[in-house]
Amino acid sequence: MDIFISNLGASFGIHHLMLFISSAVIFILTPGIDTVFVLNRTLQNGRMAGILSALGVATGVLVHTLFATLGLASILAKSATAFMVIKYLGAVYLIYLGIMAIKNALNAKNYQINADTSPKSTKNAYLMGLLTNVLNPKVALFFLAFFPQFIQKEQLASATPYLFLGGLYSLFSAIWLVLLAVIGAMFIGYLQSVKARRSMDGISGTAFIGLGVKLGFAQQ
């Protein structure tokens, strides 16, 4: 298997592909903005919304991969202005999500036991997942720093290895986050009680605001 994976990586201009896979899995499994967002959407709007939000996040990974491939991530790394604009947009968006979650927690008496599974809510879940990922410039810079370590020196100027690694990272992210949505949906019956929902919204809202503030003060 190791030989097969090594040969597969070499065909795309990549070395140490197994190390990339294991590292990517560790990064993806580490709880962060994406994890909190997907679980929150699942509990708010049901399993399908959670799955779509997970796919939105995974799509965002592909967008960042294209940024890296086209050199835009390099621009973010070198341009303080570009980095600051994207950073603050992302920070404001996360803080907004946090405020809305806390607002829901404070108005827990208005909760509905049945999740909002309307087409509008599920569509918004995908778009919100996409924005949550795309508006985080740290992801673009992470890819810019992470991917080249696994690309053969003579292939650094080629788009192929970046797209391959980004595709793998997006796939792994989608699998894990969709699994989280499915597992979270199994507990909706309990977690949609007023007490549980209030606690979840309060925790996720605080987490979003904290992550937004952290992103806002992040150094380039």
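The values are calculated or read from the model by the stated rules, or taken from the named source; none is laboratory data. What you see is a predicted model; the values in this text were computed from it and never measured. FYI the Cβ positions are ideal-geometry reconstructions off the backbone, even for glycines, and counts take in every protein chain you see. We work out accessible area using only protein heavy atoms, side chains counted, and drop any ligands, DNA or RNA first. Shrake-Rupley method; radii C 1.70, N 1.55, O 1.52, S 1.80 Å.
Among the residues of the range 57-72, those that are part of a helix (DSSP H, G or I), open to solvent by 20 Å² or more (accessible area, probe 1.4 Å) and not aromatic (F, W, Y) comprise T59, L62, V63, L66, T69, L70, L72. Restricting attention to the range 1-23 and to residues that are exposed (fewer than 14 other Cβ atoms within 10 Å of the Cβ) and of a type in the set (S, T, N, Q), the residue that is nearest to Y126 (Cα to Cα) turns out to be S22.
Could you tell me how many of the residues in the range 24-48 are free of Cβ contacts under 8 Å to residues at least 60 places away in the same chain and either basic (K, R) or surrounded by 15 or more Cβ atoms within 10 Å (Cβ to Cβ) (or both)? Here the count works out to 0.
Among residues of the range 164-192 being open to solvent by 40 Å² or more (accessible area, probe 1.4 Å) and modelled with pLDDT under 90, the one that is nearest to A10 (Cα to Cα) is I183. Among the residues of the range 132-163, write down those that are surrounded by 19 or more Cβ atoms within 10 Å (Cβ to Cβ), of a type in the set (A, V, I, L, M, F, W, C) and more than 15 Å from G13 (Cα to Cα). Correct list: V134, L135, V139, A140, L141, F143, L144.
Mind checking which residues of the range 209-220 are at pLDDT below 70 and in a helix (DSSP H, G or I)? Outline the logic, then answer.
Taking the range 209-220 as the starting set, the residues that turn out to be at pLDDT below 70 are 211, 215, 218-220.
Result: L211, L215.
Only a single criterion out of (1) modelled with pLDDT of 85 or more; (2) touching an Asp or Glu at 6+ places or on another chain (Cβ under 7 Å) is not satisfied by Y126, namely (2).
Among the candidates F12, F37, F67, F20, which residue alone is closer than 19 Å to L144 by Cβ and modelled with pLDDT of 85 or more?
Values: F12 fails: modelled with pLDDT of 85 or more; F37 fails: closer than 19 Å to L144 by Cβ; F67 fails: modelled with pLDDT of 85 or more.
Being closer than 19 Å to L144 by Cβ and modelled with pLDDT of 85 or more holds for just one of F12, F37, F67, F20, which is F20.
Report, ordered by the first and then the second residue, all pairs with beta carbons closer than 8 Å, sequence separation of six or more or different chains, a first member in the range 169-186 that is over 25 Å from F146 (Cβ atoms) and touching a residue at least 60 places away in the same chain (Cβ under 8 Å), and a second member that is among the hydrophobic types (A, V, I, L, M, F, W, C) and surrounded by fewer than 20 Cβ atoms within 10 Å (Cβ to Cβ). Qualifying pairs under 8 Å: G184/L191.
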